[in-house]
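A.B. asks: Supplied in structure tokens, the structure appears directly below.
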Amino acid sequence: MNYFDLINNRESCRDYATKPVEKDKLVKCIEAARVAPSACNSQPWSFIVVNNPLVSPQVAKCLQDAGMNKFTDHCPAFIVVIEEKATLSARISGVVKSQNYAPIDIGIATAHICLAATAQGLSTCVMGWINEGKLKELLEIPQPKRIRLVIGVGYAASDVVREKKRKSLEEITKFVD
């Protein structure tokens, strides 16, 4: 699949098949995140991969406060994205430029994970609605660390790709020739 087909086929899946996810595919997703660019090569991330039929439903419940993300009940695997302390050079650069680079870097790494999953026939959904306290307790994540995102990973129940509804190129772009 070429790159443009890949980005057009990636979508947020909310209906997963019961098929389990192979560990080697999840490893490739993490490898894609590992080589993602980051400010000053800081790599301010770590990942917890949950691919266990007993633990995954517990993770799903940590994503469902206020009736959100009910579809996760059928999601077989999750990648929990944790923000780690950025390097000193990235933190200093951030102060000088009034920019916190870690969330940007985490977004790039997350995109790499999602595209790697799509390239392998998997589907993903990135979620920020998290009961962080419950999830930290479940996965034994130390209190000062921050869970930034959770990515649901699995096989889509349907292989039909929805039409993307996005702003037009003219609405989002200004060319300076």
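A.B. asks: Taking segment 28-65, which residues are farther than 18 Å from ILE147 by Cβ and β-branched (Val, Ile, Thr)?
C.D. replies: Of everything in segment 28-65, just one residue is farther than 18 Å from ILE147 by Cβ and β-branched (Val, Ile, Thr), namely VAL35.
A.B. asks: Within segment 84-102, track down each residue that is within 23 Å of VAL150 (Cα to Cα) and either under 12 Å from the mean Cα position of the chain (by Cα) or aliphatic (A, V, I, L, M) (or both).
C.D. replies: Hits for segment 84-102 are ALA86, ALA102.
A.B. asks: Please determine, by comparing only the residues of segment 14-29 that are surrounded by 22 or more Cβ atoms within 10 Å (Cβ to Cβ) and within 14 Å of the chain's Cα centre (by Cα), which one is nearest to PHE71 (Cα to Cα).
C.D. replies: Top of the filtered list is LEU26.
A.B. asks: So VAL27 passes all but one of these: (1) over 30 Å from ARG91 (Cα atoms); (2) of a type in the set (A, V, I, L, M); (3) outside any loop (DSSP other than H, G, I, E, B). Which condition number does it fail?
C.D. replies: (1) is the only condition that VAL27 fails.
A.B. asks: Do we have MET1 as under 27 Å from LYS164 (Cβ atoms) and at pLDDT below 95 here?
C.D. replies: Details: under 27 Å from LYS164 (Cβ atoms): yes; at pLDDT below 95: yes.
Judged against the criteria, MET1 is a match.
A.B. asks: Mind listing just one residue for me: the one in segment 30-58 that is of a type in the set (Ser, Thr, Tyr) and crowded, with 19+ Cβ neighbours inside 10 Å and, of those, farthest from THR124 (Cα to Cα)? Show your work before the answer.
C.D. replies: Of segment 30-58, the ones of a type in the set (Ser, Thr, Tyr) are 38, 42, 46, 56.
Then drop every residue that is not crowded, with 19+ Cβ neighbours inside 10 Å, which leaves 38, 42, 56.
Details: SER38: 22, SER42: 25, SER56: 15 Å.
Within segment 30-58, the match that is farthest from THR124 (Cα to Cα) is SER42.
A.B. asks: Out of the residues in segment 144-159 meeting the condition of being part of a strand (DSSP E or B) and either of a type in the set (Val, Ile, Thr) or at pLDDT below 95 (or both), tell me which one is nearest to ASP15 (Cα to Cα). Give the steps one after another, and end with the answer.
C.D. replies: Our first condition is that a residue be part of a strand (DSSP E or B); within segment 144-159, this holds for 146-154, 156.
Okay, now just the ones that are also either of a type in the set (Val, Ile, Thr) or at pLDDT below 95 (or both), so 147, 150-151, 153.
Values: ILE147: 24, VAL150: 16, ILE151: 14, VAL153: 11 Å.
Applying the filter and picking the extreme gives VAL153.
A.B. asks: Right, another one. Restricting attention to segment 9-38, which residues are of a type in the set (A, V, I, L, M) and farther than 28 Å from ALA102 by Cβ?
C.D. replies: Matches in segment 9-38: ALA17 only.
A.B. asks: Same structure again: When you look at GLU170, is it among the charged types (D, E, K, R), surrounded by fewer than 10 Cβ atoms within 10 Å (Cβ to Cβ) and not in a loop (DSSP other than H, G, I, E, B), yes or no?
C.D. replies: Values: among the charged types (D, E, K, R): yes; surrounded by fewer than 10 Cβ atoms within 10 Å (Cβ to Cβ): yes; not in a loop (DSSP other than H, G, I, E, B): yes.
Here the answer is yes, as GLU170 does meet what is asked.
A.B. asks: Let me ask something else about it. For segment 97-105, does any single residue satisfy the condition of being hydroxyl-bearing (Ser, Thr, Tyr) and on the phi > 0 side of the Ramachandran plot? Spell out the reasoning first.
C.D. replies: Going residue by residue through segment 97-105, those that are hydroxyl-bearing (Ser, Thr, Tyr) are 98, 101.
Cutting the leftovers down to on the phi > 0 side of the Ramachandran plot gives us 98.
Yes: segment 97-105 contains one or more residues that are hydroxyl-bearing (Ser, Thr, Tyr) and on the phi > 0 side of the Ramachandran plot.
A.B. asks: When you scan segment 67-126, how many residues do you find that are among the aromatic types (Phe, Trp, Tyr) and out of contact with any helix residue (DSSP H, G or I) (no Cβ under 7 Å at 6 or more places or on another chain)? Quick ask: steps written out before the conclusion?
C.D. replies: Within segment 67-126, the subset among the aromatic types (Phe, Trp, Tyr) is 71, 78, 101.
Cutting the leftovers down to out of contact with any helix residue (DSSP H, G or I) (no Cβ under 7 Å at 6 or more places or on another chain) gives us 71.
Total meeting the criteria: 1.
The values are calculated or read from the model by the stated rules, or taken from the named source; none is laboratory data. All of these numbers come straight from a predicted model, not from anything done at the bench. All Cβ positions, glycine included, derive from the backbone under ideal geometry; neighbour counts span all protein chains shown.
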